[in-house]
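**Q** Structure provided below as structure tokens; questions to follow.
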Amino acid sequence: MSMSHNLFIAGDSTAALKGAAEKPMTGWGEYLQDYFQSSIHVDNRAINGRSTKSFLAEGRLTAIEQDFRIGDYLFIQFGHNDGKVENPNRYAAPKQEYRQNLKRFIDSARERGGYPVLLTSVSRRRFLEDSSLDPLAVGEYPAAMREVAAETRTPLLDIFTASQQLYQSFGADKSKRLFMHLPEKAHPNYPAGITDDTHFSDEGARQIAKLVVLALQHSAELSALKQHLKGEII
């Protein structure tokens, strides 16, 4: 009889559960449970608009710690809001405070006998004139996280690179389907329409959740977690 474990997601709006008034906007974390057997319980604590700094300042990591048990997982994905220089409550410089904050999340999981996992920020949909994707679509945050992963020997799922490859495969036009692109009057929640290259449609969230699981399947360090997947996805 294998024990069940929690998989906590600490992150921002790209992963967060969306309320009825925000639909069809969807966070990728809403679809992660579908890939796991009941031995893993996905507990999505991602919240719209949070950076590492504001998530910590609001006591949200402390709240996770109260429920965290030996053998649990902590998926950590930030960056979109850490770059908001104009907002001192959220801004965390990529080479300084962001890195220190990530280490606080990592240490928190390890100190409690659990497993931290770093996920680089999901890319914004930002095509350049040559039809490639902007390597700085989330600034220097993905690179900073890769460095922290190497320094602290923390498993890394490179969702930034994977999501850029996904958008590229759809192309500049069709990739809009993955995001909140709605004409006016198409949905009662967005009567004026919306053009948003950060937040996902239902289809986009499903695609990103699948990318997370594919990255997990390819991670040698996460073999114990892989055993809780329902099966290989192609």
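Each value in this text was obtained by applying a stated rule to the coordinates, not by laboratory testing. This one's a predicted model, so the numbers in the text were calculated from it and none came from an experiment. Here the Cβ positions follow ideal geometry from the backbone for every residue, glycine too, while neighbour counts run over all protein chains shown.
**Q** Could you please rank Arg104, Arg146, Arg124, placing first whichever residue has the fewest other Cβ atoms within 10 Å of its Cβ?
**A** Lowest to highest Cβ neighbour count: Arg104, Arg146, Arg124.
**Q** With springs connecting C-alpha atoms under 10 Å apart, model the chain as a Gaussian network and identify which of Asp12, Asp67, Asp34 has the largest mean-square fluctuation.
**A** In this elastic network of the chain, the residue with the biggest mean-square fluctuation among Asp12, Asp67, Asp34 is Asp67.
**Q** Against the longest principal axis of the chain, how steep is helix 202-217, in degrees 0 to 90 to the nearest 10, with axes from Cα atoms?
**A** Result, in degrees: 40.
**Q** Something else now. Kindly put Met145, Met180, Met25, Met3 in sequence by how many other C-beta atoms sit within 10 Å of each C-beta, fewest to most.
**A** By the 10 Å Cβ count, ascending, the order reads Met3, Met180, Met25, Met145.
**Q** Distance check, please: which entries in Lys174/Lys210; Lys18/Lys103; Lys23/Lys174; Lys185/Lys210 exceed 26 angstrom between their Cα atoms?
**A** Lys18/Lys103; Lys185/Lys210
**Q** So what are the three principal axis dimensions of the chain from its Cα atoms, in whole Å, longest to shortest?
**A** So the three principal-axis extents are 50, 40, 35 Å.
**Q** How big is the gap, in Å, between the Cα center of the stretch 1-60 and the Cα center of the stretch 144-198?
**A** 16
**Q** Helix 141-152 sits at what angle to the longest principal axis of the chain, using alpha carbons and giving 0 to 90 degrees rounded to 10?
**A** The answer is roughly 10 degrees.
**Q** Taking the Cβ-Cβ separation of Glu58 and Asn189 as r and a Förster radius of 25 Å, what is the calculated FRET efficiency to the nearest 0.05?
**A** With R0 = 25 Å, the Cβ-Cβ based efficiency is 0.45.
**Q** Hey, quick one: spin label on Ser223, modelled 7 Å out along Cα-Cβ, who in the stretch 138-171 has an amide N within reach, i.e. under 17 Å?
**A** 155-156
**Q** Fewest Cβ neighbours within 10 Å first, please rank Thr14, Thr161 accordingly.
**A** Thr161, Thr14
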